[in-house]
Amino acid sequence: MSYSEVVGYAVDLVSTVQPDVIYTNNISDINADHRLISEACMIAARPKLGSTVKDLYFCEIPGSTDWAFNQIHPQFEPNVYMNITDLIEYKARLISLYSTESYAFPDARSVESSVVLARRRGSCVGVEYAEATKLVFSHR
């Protein structure tokens, strides 16, 4: 798919689904396809008259956000932490099912590494486990 086809698909999808919130890849991930999707989501979610999108978040992807080593700017700087303490076992199970992207420890995309990251993010905000995101915009 070309850049304009990806953007057009994202615009059409947002227009059809009419979400309130979009969570997407971080725009400075090492994976070029992640950056493309982030950009397409930003375009599709532009805060203009008639848009249903109230919040746009970038998400941290282990093995993509961190492996850019803060060399692609703007770097990921989380500013919203969601308490996932009650969901951590469910998250670990889902990661283990994603066999094409989940690897053995100490890989960043191992179940164990994901739980450690969630625990670290939780310690930043005083909960046991958290998911860190970056709020790009909100107009509620």
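The values are calculated or read from the model by the stated rules, or taken from the named source; none is laboratory data. Being a predicted model, the structure only gives us computed values, none of them experimental. As a convention, Cβ positions derive from the backbone with ideal geometry for all residues, glycine included, and neighbour counts pool all protein chains shown. Heads up: the accessible areas ignore ligands, DNA and RNA and are worked out on the full protein's heavy atoms, side chains in. Shrake-Rupley method; radii C 1.70, N 1.55, O 1.52, S 1.80 Å.
Values for this structure:
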{"read-out": "Residue, nearest to Ala104 (Cα to Cα), within the stretch 32-50, restricted to residues that are small (Gly, Ala, Ser) and open to solvent by less than 30 Å² (accessible area, probe 1.4 Å)", "value": "Ser38"}
{"read-out": "Qualifying residues in the stretch 1-40 (those that are free of Cβ contacts under 8 Å to residues at least 12 places away in the same chain and in a loop (DSSP other than H, G, I, E, B)) - the one nearest to Glu101 (Cα to Cα)", "value": "Met1"}
{"read-out": "Output for the stretch 74-86, where each listed residue is part of a helix (DSSP H, G or I) and touching a residue at least 12 places away in the same chain (Cβ under 8 Å)", "value": "Thr85"}
{"read-out": "Candidate set from the stretch 72-93 (those that are under 15 Å from the mean Cα position of the chain (by Cα) and open to solvent by less than 30 Å² (accessible area, probe 1.4 Å)); member that is farthest from Val136 (Cα to Cα)", "value": "Ile84"}
{"read-out": "Residue that is within 18 Å of Thr133 (Cα to Cα) and surrounded by fewer than 13 Cβ atoms within 10 Å (Cβ to Cβ), where the choices are Ser123, Ser96", "value": "Ser123"}
{"read-out": "The stretch 87-140 - residue that is of a type in the set (Asp, Glu) and not in a helix (DSSP H, G or I) and, of those, farthest from Asp55 (Cα to Cα)", "value": "Asp107"}
{"read-out": "Test set (1) modelled with pLDDT under 95; (2) more than 14 Å from the chain's Cα centre (by Cα); (3) assigned to a loop (DSSP other than H, G, I, E, B) - Ile61 fails condition number", "value": "(2)"}
{"read-out": "Residue that is of a type outside the set (Gly, Ala, Ser), in contact with a helix residue (DSSP H, G or I) (Cβ under 9 Å, 6 or more places away or on another chain) and open to solvent by 90 Å² or more (accessible area, probe 1.4 Å), where the choices are Phe58, Phe105, Phe69", "value": "Phe105"}
{"read-out": "Failed item, numbered, when Ile43 is tested on (1) more than 17 Å from Val21 (Cβ to Cβ); (2) over 15 Å from the mean Cα position of the chain (by Cα); (3) assigned to a helix (DSSP H, G or I)", "value": "(1)"}
{"read-out": "Contacts under 8 angstrom Cβ, first residue in the stretch 101-115 being farther than 15 Å from Trp67 by Cα, partner open to solvent by less than 40 Å² (accessible area, probe 1.4 Å) and among the hydrophobic types (A, V, I, L, M, F, W, C), 6 or more apart", "value": "Ser102/Ile95; Ser102/Val111; Phe105/Val111; Val111/Ala92; Val111/Ile95; Val115/Ile88; Val115/Ala92"}
